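Working notes, structure below.
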Amino acid sequence: MRLRTLLATIALAAVAATSAHASARPVTAQDRALLARAATYEEKIAEQVTARLTGRKASVRCGSLGMSDPRVLGVTPLLDQQSFDYFLMRPAECTYLAWFRQAPARWDPRSCAGEDCARVGDVAMALAVVAHESYHVLGYTNEAQVECYGMQSIWFVANKLGAPVAEAQALGLLYATRMYPNRQTQTPTYWSAECRDGGKYDLRPASHSWPS
């Protein structure tokens, strides 16, 4: 009964998070002001993971995204469809990353306890935002493709932040099974039928441990 309750709590949290997404927009003066200050502890966490995922030194800042839609959790500025080596996230996403790094086991969807389970979906989304924006930094602009690549990299982000591989994969699977399917109706530009094991956007076609 306790396991069923935990799974139900995680599912509700995950569904609530599915309307959130990342986006792209032009560079603004506000971006330059954010980049001019030193990175905070939370921002450095995101920068380290992004560097490992992309092989590039990219800056990450947490603050206003310069967009009115509250569902947008991250943004990568573009100019002529070319990305710069930085992206922005809402402060809450950076907080979730810091929480995760401090105690990865606390956010394991297979064993979380109490109120933590209600936040597992938020934590998984924060991991997804870092992965998603990292692919924009690499130059990808198709949101459905970027979202799919990012989903397949959640486990990598979680693992680099200290989670054992099994937990990291569980977080990726949570996103893939509880959150990603809702994009088809809620944010269709971030969904693709090719985002599946063996699909066009499968980063590791030789492996069938989807999405990790």
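Computed values, structure above
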| quantity | calculated |
| --- | --- |
| Residues being in contact with a strand residue (DSSP E or B) (Cβ under 7 Å, 6 or more places away or on another chain) and either without any contact (Cβ under 8 Å) to a residue 12 or more places away in the chain or of a type in the set (A, V, I, L, M) (or both) - total across the stretch 134-164 | 1 |
| Residues that are without any contact (Cβ under 8 Å) to a residue 24 or more places away in the chain and within 16 Å of the chain's Cα centre (by Cα), drawn from the stretch 165-180 | Thr177 |
| Residues satisfying the stated conditions in the stretch 171-212, i.e. within 16 Å of Phe156 (Cβ to Cβ), among the hydroxyl-bearing types (Ser, Thr, Tyr) and outside any loop (DSSP other than H, G, I, E, B) | Tyr175 |
| Of all residues in the stretch 127-159 being more than 16 Å from Lys57 (Cα to Cα) and among the acidic types (Asp, Glu), the one that is surrounded by the most Cβ atoms within 10 Å (Cβ to Cβ) | Glu147 |
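None of the figures in this text is laboratory data; all of them are computed from the coordinates on show. For clarity, every value in this text was computed on a predicted model and none was experimentally measured. Every residue, glycine among them, receives a Cβ derived from its backbone with ideal geometry; neighbour counts consider all protein chains shown.
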